[in-house]
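> Dropping a structure here in structure tokens format, bear with me for questions.
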Amino acid sequence: MARIGALMTAPRIEKNPQDAIRLVQNGIFYANRAYSTSLSPEWTDTIFRKTNQLNDGNVNLEPGNLNVVIFHVNIPNDVSQVTTPDIKNLDHASIDYETLVKLNIEISLKSNPRSRVFLLTDNEFCSHLKPHARLAIHRMRVNSREPMFERVMAMLTYSRSRLFDQPTVFLDSDAFLLRPVHNLFANAFDIGLTHRNILGQMPVNEGVIFSNNINITGVRAFFEAYLSSYLALENCQDLSKIYTNIRRWRGGQLAINSVANGGQVYRSGLTNRHELGARIVVLPCAKYNLSQIDENEVDSRLANRVAILHLKGPRKSWINRLRLLVDA
Amino acid sequence: MEAKYAIEKVIDLQHHRGPDARGFWASTDHRAFFGHNRLAIIDVSSGGAQPMVDTENDWAITYNGELYNYKALRSILEAKHSIKFRGNSDTEVFLYGVKVWGIDEFLRLADGMFAAALYCTKTGRCILVRDRAGEKPLYYAETSKGFYFGSELRPLSSGIGHGPPDIDLAAFSLYLMLRYVPAPLTIYKGIRKLRPGHFLVIDQDQPAREYAYFSWDPNASEIPETSKTFDQIVHITEKLLVSSLEHRMTSDVPLGFFLSGGVDSSLVAALARKHFGVSINTYTIGFENDPNSEHFVSQQTAKIIGSKHNAKILGIKDLGRLSRELIHRMDEPNGDRSCVPTYLLCKHARSEVTVALGGDGGDELFGGYQRYPELNTKIGEDRYPRALDGLLWYLTHRLPVVTPAKVSGLLSALPAETIEVLEDFAVPLYSPSRPEIDIRYVDFKSYLSGAVLAKVDRMSMQNSLEVRTPFLSPSMFDLANRLPHGFLYRGQLMKPVLRELCNRLGLAHVAKLDKRGFGMPPQFMELGKEELVRRASEALRVIDSKLGTQIDLGKLIYAVGLNANALWATIVLGEWLESERS
């Protein structure tokens, strides 16, 4: 089911100093047009098989009131470099994801003492992770050359699995849960998304997604739309001129903006999405997915006002400050 | 042709909104019809007549309000896009702005108060849009015969229907709690209000889709609270207010200023006088034998700033009759007790000017309500993990009309849509929250547009007066977003930034005053309580017969006591419903 999105005019692809803004505008335009809510039978089968795989995993964790799900796979060296019109010279191989993820798990377990952390990953990543009574590692068959696409599949798979028995927050490997968030789930939403209100950046960010467990059908419908919109975006020829492989990079961001009905301008509030049977709340990144701060603001007071700190891009080097907070 | 007649009827019925001219437009395929009542303010010539179409006949617009930065936008459209404008109106800039930039980008750039409809003849797409704060109203109805919209509820309802529609029970329950019906609901089932900061897209043979383009939320931006000093913020506030004033003083017809005894309107008038050096007219009303009447303070203010002041002193003996007449003429029930004085003030100002500037929005942006302090402890996360529960506490203890629990009791249960609306309002209070700061965004989203701005628009337009609000500009929103707690409250002192600005303008007598509502005089509300009870009893009889409820006066008083807010809200709704019969 396709629909025309929020942007009314055809995108204008032209070179000017506002290239980044234009790129995002075009991305949103294509994303909105690609919105789709249902998967083909083949993809439904694939997800079914993956869900069974996840259900078969041995999980015997302490009971908790919150699930934290982190997806990460090792990206092969030959595809680790990302060069797109909006990302110049990012090399995943230069980032120590193992240290990041370990710290992320540690912080989640500490800041939310009744949380359980699920690391969804490949067969090699973090092979020497210290066991914890509230930590489960699920090693999945994944195509690590397409990490962004695999992540969306993993989220849908999780939402359909028996693991999804508590309110859940999905985190990027560099998004850190600083304070207890269980109370957030007392509110009447099914999916919580975060909006980054900066021109030139994709508005809804996929690095943090909250999912309540009251209306599981609605949550699953949301993630199904997320994946099916992703697949629909692959067929957008105009988009393929900008991004050569959206399964590797950018497709997740575009797809979540498609499902969120994303617009560049911040829109808070709770929306009942009848076609999904889900209530989606849009929350500000300033509280739930903060990245625009200075390093010296990363201190013990930050958790008073911010639930999740996202060390995007070069901010990953600030983990030493986070380390100090954990050790304090 | 049925649609055309319906629109003509609506235009006739809302003549007061624009007595200077009226116009109609139909698309060549007769799928779209626009009508317009014109209150000519900018480019009063026929060059600003509406509905307006662009030179290529691609787009048509009918539009109510003002685009304050139209000159700047026009310059860009001329320079970068080679648009040749035919006249000097802001309407034409609105039209080409949407055509050239698209609705999203245009709305990002626009500073104004507006409700507009645009139709693209090429695609058959219609777009309805409402300004950021909700200064101008926009109602719509999707019916089996077509999609209708208009600036006022009752004319729209008359135009499309064959009698008053049913009352919406969710809207009714919200009215009892809030004294107004918040968007997207209206008191009528089947007719909705476009929410502030939203636009609606209607394509042929598809259900309308609503999009938000603005939310006033301090957390929308990741830029932290300001690190500027209090003095610097006072200075910046002055600068931004003056800039906003400059835009809002553009008018080709006479313009004046409301001047109450409060901080906000005093600042607006004083800054206009100080920075633009023009002679200004100020207007106020007062009531006889009321020692707290606003006109005492405003007279002193006028003397200091040097305005030509026009105070009208009214007796209270006619207020009963006047209020009844006004309620009958209200477009949608609004139980705010300041509707009657606001109406009288607008009528008074309209005798000399067509545009007036006021101080609305200052309380929400700068933290002016006495009900805000202590909310951190009262509705904080520790006490109410669920934001909706915190909001219900706020409605029960800080804005008591009829409490949600009592409404639930009176109606057996709250309709599901009532809860949905309240849950949406509660989002800014989600954990982690600082309720004393974040509650302003709840009030901005609900009370400001639903009660305050609706009152100002309806009471002024009843008198064919346009009211503009310098506090409600995008730059003021940005500034207020970043104010830390200490700049919003200093002990029991509210709005310290604006009070300090008053001091610097020589208005210390205003700066030191507590906030007072601009309501009916106490002699009317308190001494006449017996009369209010009688009117409320009558009103409840009408409400019960119309809605099939069984809320008699005994039940109401048992539920809320002799609560003046509840009694007045009941009177307004009952007498408003009664007026439908006539």
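The values are calculated or read from the model by the stated rules, or taken from the named source; none is laboratory data. Being a predicted model, the structure only gives us computed values, none of them experimental. Glycine also receives a Cβ, built like all others from the backbone with ideal geometry; neighbour counts cover every protein chain displayed.
> On the basis of being part of a helix (DSSP H, G or I), loosely packed, with under 15 Cβ neighbours inside 10 Å and among the acidic types (Asp, Glu), does residue B:530 make the cut? Step through it out loud before you land on a result.
Values: part of a helix (DSSP H, G or I): yes; loosely packed, with under 15 Cβ neighbours inside 10 Å: yes; among the acidic types (Asp, Glu): yes.
Judged against the criteria, residue B:530 is a match.
> Going residue by residue through segment B:135-156, is there one that turns out to be touching a His at 6+ places or on another chain (Cβ under 8 Å) and modelled with pLDDT of 95 or more?
no
> Looking at segment B:38-47, which of its residues are without any contact (Cβ under 8 Å) to a residue 60 or more places away in the chain and either under 25 Å from the mean Cα position of the chain (by Cα) or outside the structural domain of residue B:92 (by TED's automatic domain parsing) (or both)?
First, the residues of segment B:38-47 that are without any contact (Cβ under 8 Å) to a residue 60 or more places away in the chain: B:38, B:45-47.
Listed by number, the list holds a single entry, B:38.
> Next up: Within segment A:207-217, is there a residue that is away from every other protein chain (no Cβ under 14 Å), crowded, with 22+ Cβ neighbours inside 10 Å, hydroxyl-bearing (Ser, Thr, Tyr) and within 17 Å of residue A:155 (Cβ to Cβ)?
Scanning segment A:207-217, I find at least one residue that is away from every other protein chain (no Cβ under 14 Å), crowded, with 22+ Cβ neighbours inside 10 Å, hydroxyl-bearing (Ser, Thr, Tyr) and within 17 Å of residue A:155 (Cβ to Cβ), so the answer is yes.
> Please name all residue pairs, on different chains or six or more residues apart, with Cβ atoms under 6 Å, provided the first residue is in segment B:355-381 and is surrounded by fewer than 24 Cβ atoms within 10 Å (Cβ to Cβ) and the second residue is among the small types (Gly, Ala, Ser) and part of a loop (DSSP other than H, G, I, E, B).
What qualifies is B:381/B:431.
> Can you tell me how many residues within segment A:27-72 are crowded, with 17+ Cβ neighbours inside 10 Å and outside any strand (DSSP E or B)?
Step one: filter segment A:27-72 for residues crowded, with 17+ Cβ neighbours inside 10 Å, giving A:27-37, A:39, A:47, A:50-51, A:54, A:64, A:66-72.
With the extra rule that they be outside any strand (DSSP E or B), the set shrinks to A:27-37, A:39, A:47, A:50-51, A:54, A:64.
The total comes to 17.
> While we're on this one: For segment B:539-556, name all the residues that are surrounded by fewer than 17 Cβ atoms within 10 Å (Cβ to Cβ) and without any contact (Cβ under 8 Å) to a residue 60 or more places away in the chain.
B:541, B:544, B:545, B:548, B:550, B:552, B:554 - these are the residues of segment B:539-556 that are surrounded by fewer than 17 Cβ atoms within 10 Å (Cβ to Cβ) and without any contact (Cβ under 8 Å) to a residue 60 or more places away in the chain.
> Take the conditions among the charged types (D, E, K, R), at pLDDT 90 or above, assigned to a helix (DSSP H, G or I) and out of contact with any strand residue (DSSP E or B) (no Cβ under 8 Å at 6 or more places or on another chain) and apply them to residue B:423. Does it pass? Steps first, answer last, please.
Working: among the charged types (D, E, K, R): yes; at pLDDT 90 or above: yes; assigned to a helix (DSSP H, G or I): yes; out of contact with any strand residue (DSSP E or B) (no Cβ under 8 Å at 6 or more places or on another chain): no.
For residue B:423, the condition - among the charged types (D, E, K, R), at pLDDT 90 or above, assigned to a helix (DSSP H, G or I) and out of contact with any strand residue (DSSP E or B) (no Cβ under 8 Å at 6 or more places or on another chain) - is not met.
> Condition (residue is within 14 Å of chain A (Cβ to nearest Cβ), more than 30 Å from residue B:407 (Cβ to Cβ), part of a helix (DSSP H, G or I) and without any contact (Cβ under 8 Å) to a residue 40 or more places away in the chain) applied to segment B:108-124: is it met by at least one residue?
no
> What number of residues within segment A:165-200 satisfy the criterion of being surrounded by 21 or more Cβ atoms within 10 Å (Cβ to Cβ), farther than 24 Å from residue B:391 by Cβ and not aliphatic (A, V, I, L, M)?
7
> Please work out which residue is surrounded by the most Cβ atoms within 10 Å (Cβ to Cβ), limiting yourself to segment A:296-328 and to residues that are free of Cβ contacts under 8 Å to residues at least 12 places away in the same chain and among the charged types (D, E, K, R).
Per the criteria, the residue is A:297.
> Does segment B:405-417 contain any residue that is assigned to a helix (DSSP H, G or I), within 14 Å of another protein chain (Cβ to nearest Cβ) and in contact with an Asp or Glu (Cβ under 6 Å, 6 or more places away or on another chain)?
Going through segment B:405-417, the residues assigned to a helix (DSSP H, G or I) turn out to be B:405-410, B:416-417.
Still in the running and within 14 Å of another protein chain (Cβ to nearest Cβ): B:416-417.
Filter again for in contact with an Asp or Glu (Cβ under 6 Å, 6 or more places away or on another chain), leaving none.
Taking every residue of segment B:405-417 in turn, none turns out to be assigned to a helix (DSSP H, G or I), within 14 Å of another protein chain (Cβ to nearest Cβ) and in contact with an Asp or Glu (Cβ under 6 Å, 6 or more places away or on another chain).
> Determine, yes or no, whether residue B:131 is of a type in the set (D, E, K, R), closer than 28 Å to residue A:198 by Cβ and surrounded by 24 or more Cβ atoms within 10 Å (Cβ to Cβ). Quick ask: steps written out before the conclusion?
Values: of a type in the set (D, E, K, R): yes; closer than 28 Å to residue A:198 by Cβ: yes; surrounded by 24 or more Cβ atoms within 10 Å (Cβ to Cβ): yes.
Taking the combined requirement at face value, the residue satisfies it.
> Further question on the same structure: Residues of segment B:532-582 being charged (D, E, K, R), over 20 Å from residue B:413 (Cα atoms) and modelled with pLDDT of 90 or more, which ones? Walk me through it before giving the result.
Taking segment B:532-582 and keeping what is charged (D, E, K, R), we get B:534-535, B:538, B:541, B:544, B:546, B:552, B:555, B:575, B:578, B:580-581.
Filter again for over 20 Å from residue B:413 (Cα atoms), leaving B:534-535, B:538, B:541, B:575, B:578, B:580-581.
B:534, B:535, B:538, B:541, B:575, B:578 - these are the residues of segment B:532-582 that are charged (D, E, K, R), over 20 Å from residue B:413 (Cα atoms) and modelled with pLDDT of 90 or more.
> Can you name the condition, by its number, that residue B:234 falls short on among (1) over 18 Å from residue B:466 (Cβ atoms); (2) at pLDDT below 95; (3) hydrophobic (A, V, I, L, M, F, W, C)?
Unmet for residue B:234, out of (1) over 18 Å from residue B:466 (Cβ atoms); (2) at pLDDT below 95; (3) hydrophobic (A, V, I, L, M, F, W, C): (2).
> Another question, then. All but one of (1) surrounded by fewer than 16 Cβ atoms within 10 Å (Cβ to Cβ); (2) more than 30 Å from residue A:184 (Cβ to Cβ) hold for residue A:99; state the number of the condition that does not hold.
Single failed check for residue A:99: (2).
> Ok, one more. Scan segment B:212-259 for residues that are loosely packed, with under 15 Cβ neighbours inside 10 Å and among the polar types (S, T, N, Q) and jot them down.
Result: B:227, B:229, B:232.
> Let me confirm something: among B:163, B:87, B:102, B:124, which residue is closer than 24 Å to residue B:30 by Cβ, in the same structural domain as residue B:191 (by TED's automatic domain parsing), surrounded by fewer than 24 Cβ atoms within 10 Å (Cβ to Cβ) and of a type in the set (Gly, Ala, Ser)? Before you say what the answer is, go through the steps one by one.
Details: B:163 fails: closer than 24 Å to residue B:30 by Cβ; B:87 fails: closer than 24 Å to residue B:30 by Cβ; B:102 fails: closer than 24 Å to residue B:30 by Cβ.
On inspection, the qualifying residue turns out to be B:124.
> Out of (1) part of a helix (DSSP H, G or I); (2) within 19 Å of residue B:135 (Cβ to Cβ), the odd one out for residue B:332 is which?
Among (1) part of a helix (DSSP H, G or I); (2) within 19 Å of residue B:135 (Cβ to Cβ), the lone unmet condition for residue B:332 is (1).
> Additional query: Please go through segment A:290-320 and give me each residue that is touching an Asp or Glu at 6+ places or on another chain (Cβ under 9 Å), within 12 Å of chain B (Cβ to nearest Cβ) and in a loop (DSSP other than H, G, I, E, B), ordered by number.
A:291, A:292, A:293, A:312
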